Amino acid sequence: MKRVLLIVSGIAALLIIAAFSVPFFIPKSVYKNQIENAATNALQRDVTLAGDVKISVFPRISASVEQVSVANPDGFATPNMIEAGALRGSVKWMPLLSRRVDVQEIAFVDADVFLQRKADGNTNWEFASSKEASPPPEGTNGSFDAGIESAILKNASLTFQDDQSGETYKLSELDLEASLRGMDQPLSATASGRFQEQAFTVDIWLDAPEALTRNLPAQARLDLASDLANIKYDGSVQLGDAPSLNGTFETVVADLAALTQQFELDVPARSALGRLQVAGKASGALDSPSLTELKLTHDSDLLSASYEGSVSLNGDGTVAGTLSIASDRMRDLLSAAAIELAPGDTLQT
């Protein structure tokens with residue numbers, strides 16, 4: 001009996017060694033061709049791997065590919081929709097035995113994404129489907145739980161060219177790290193980069209992404225800091241036909257004039273704008289919220305203003321509160337609003 005066990009153990013050991021050794025004997029060109037073909041068929045776009053391909057099965061399943069590109073359809077502004085210097089991923093072995101995909105790391109390095117909406121409304125992010133997926137056989141359960149310990153973007157960039165509006169938006173130097181152990185587990189993410197050449201950092205926390213997929217409220221926190229504005233939110237969010245929120249917020253704009261100029265907003269008396277701070281509670285639909293316990297202050301060389309009360313953007317809209325406005329340079333303030341007065345001492349204060 002002991003001899004049988006030794007033989008069986010030896011065979012099992014050889015099989016395990018063989019399984020771990022197989023990837024080292026398969027030419028890398030085979031991996032590359034298989035990945036290119038599978039990705040091209042899935043996306044219905046030409047996918048090219050110009051760099052090296054590495055695959056390992058110990059101590060975890062891991063793979064990396066370099067110089068990846070996904071082509072654009074004909075008629076778009078650039079040859080490729082996606083270009084990436086390297087893609088890396090690794091999956092832990094043991095969770096697979098309990099039908100769970102536990103991704104230790106997935107990383108995109110030097111990724112450059114170009115999105116375009118043409119004047120006729122066609123976009124390059126809509127992929128044609130290959131073949132309709134066949135349903136799994138009856139009586140089988142092909143579902144897997146999944147979690148991501150670390151998702152990383154390093155030095156990524158994203159360009160959105162909207163030919164309908166004539167606007168182009170650029171996100172560059174993006175570094176992001178996120179973690180999601182499961183759809184019923186908290187999602188956390190930190191990122192930094194530049195949007196339209198303005199530096200920013202952002203921290204996001206969401207208690208259960210699964211709630212959002214079921215159109216249920218989920219607790220969320222947002223902390224965005226940038227050269228133009230700082231925004232904080234702490235409360236619940238809910239998706240659906242009309243996304244909604246219910247929580248507290250604070251926004252600080254160091255230079256409101258610079259913010260309106262950055263986004264090419266046509267506002268009167270721009271030179272009179274200065275520092276703006278708004279805090280309060282927001283509830284209701286995202287596009288028409290009710291703002292309560294609202295405190296607003298504005299300060300500049302030409303205008304000081306404050307407001308306390310509530311504002312509802314629902315329906316015809318309502319405003320209820322106390323407004324205070326002060327200026328010791330009324331003539332300059334009116335001049336900034338393109339209202340010229342005759343010379344004199346009137347309206348100097």
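Would you point out the residue of region 74-104, among those that are crowded, with 16+ Cβ neighbours inside 10 Å and part of a loop (DSSP other than H, G, I, E, B), that is modelled with the highest pLDDT?
Here the residue is 76.
Look at region 47-58 and say how many of its residues are within 28 Å of the chain's Cα centre (by Cα) and over 20 Å from residue 109 (Cα atoms).
Of the residues in region 47-58, 0 are within 28 Å of the chain's Cα centre (by Cα) and over 20 Å from residue 109 (Cα atoms).
Quick one: would you say residue 290 is of a type outside the set (A, V, I, L, M, F, W, C), in contact with a strand residue (DSSP E or B) (Cβ under 7 Å, 6 or more places away or on another chain) and closer than 22 Å to residue 222 by Cβ?
Yes.
Taking the stated definitions as given, is residue 230 in a loop (DSSP other than H, G, I, E, B) and of a type outside the set (D, E, K, R)?
So residue 230 does not fit the description; no.
So which residues in region 217-227 are in a strand (DSSP E or B) and out of contact with any Gly (no Cβ under 9 Å at 6 or more places or on another chain), if there are any at all?
218, 222, 223, 224, 225, 226
Answer with yes or no whether residue 283 is assigned to a loop (DSSP other than H, G, I, E, B), surrounded by 13 or more Cβ atoms within 10 Å (Cβ to Cβ), under 28 Å from the mean Cα position of the chain (by Cα) and assigned by TED's automatic domain parsing to the domain that holds residue 228.
When the stated conditions are applied, residue 283 does not pass them.
Please work out if residue 234 is surrounded by fewer than 17 Cβ atoms within 10 Å (Cβ to Cβ), at pLDDT 95 or above and within 27 Å of residue 309 (Cα to Cα).
yes
Quick check: anything in region 120-132 of a type in the set (S, T, N, Q), exposed (fewer than 12 other Cβ atoms within 10 Å of the Cβ) and at pLDDT 90 or above?
Within region 120-132, none of the residues are of a type in the set (S, T, N, Q), exposed (fewer than 12 other Cβ atoms within 10 Å of the Cβ) and at pLDDT 90 or above.
Any residue at all in region 189-205 that's assigned by TED's automatic domain parsing to the domain that holds residue 104, among the hydroxyl-bearing types (Ser, Thr, Tyr), surrounded by 15 or more Cβ atoms within 10 Å (Cβ to Cβ) and within 26 Å of residue 84 (Cβ to Cβ)?
no
Please go through region 187-203 and pick out each residue that is in a loop (DSSP other than H, G, I, E, B) and under 16 Å from the mean Cα position of the chain (by Cα).
The one that is in a loop (DSSP other than H, G, I, E, B) and under 16 Å from the mean Cα position of the chain (by Cα): 196.
Condition first: at pLDDT 85 or above and in a helix (DSSP H, G or I). Now tell me which residues in region 314-333 satisfy that.
The answer is 330, 332, 333.
Residue by residue, here is whether (1) surrounded by 13 or more Cβ atoms within 10 Å (Cβ to Cβ); (2) assigned by TED's automatic domain parsing to the domain that holds residue 237; (3) within 23 Å of residue 224 (Cβ to Cβ); (4) touching a helix residue (DSSP H, G or I) at 6+ places or on another chain (Cβ under 8 Å) holds:
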site: 250; (1), (2), (3), (4): yes, yes, yes, no
site: 259; (1), (2), (3), (4): yes, yes, yes, no
site: 272; (1), (2), (3), (4): yes, yes, no, yes
site: 275; (1), (2), (3), (4): yes, yes, yes, yes
site: 279; (1), (2), (3), (4): yes, yes, yes, no
site: 287; (1), (2), (3), (4): no, yes, yes, no
site: 303; (1), (2), (3), (4): yes, yes, no, yes
site: 317; (1), (2), (3), (4): no, yes, no, no
site: 331; (1), (2), (3), (4): yes, yes, no, no
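Does residue 264 count as loosely packed, with under 12 Cβ neighbours inside 10 Å and free of Cβ contacts under 8 Å to residues at least 24 places away in the same chain?
It is true that residue 264 is loosely packed, with under 12 Cβ neighbours inside 10 Å and free of Cβ contacts under 8 Å to residues at least 24 places away in the same chain.
Hey, can you tell me all the residues within region 267-293 that are free of Cβ contacts under 8 Å to residues at least 24 places away in the same chain and on the phi > 0 side of the Ramachandran plot?
Once the filter is applied, which keeps residues that are free of Cβ contacts under 8 Å to residues at least 24 places away in the same chain and on the phi > 0 side of the Ramachandran plot, region 267-293 yields only 293.
Does residue 260 qualify as being modelled with pLDDT under 95 and of a type in the set (S, T, N, Q)?
yes
Could you please tell me which pairs satisfy a Cβ distance under 9 Å, a separation of 6+ or placement on different chains, a first residue in region 64-76 that is within 30 Å of residue 119 (Cα to Cα), and a second residue that is part of a loop (DSSP other than H, G, I, E, B) and among the polar types (S, T, N, Q)?
Final answer for the pair search is 72/78; 72/124; 73/122; 73/124; 75/122; 76/122; 76/124.
The values are calculated or read from the model by the stated rules, or taken from the named source; none is laboratory data. The structure presented is a predicted model; accordingly, all values stated were derived computationally and were not measured. All Cβ positions, even for glycine, are placed from backbone atoms using ideal geometry, and neighbour counts span all protein chains on display.
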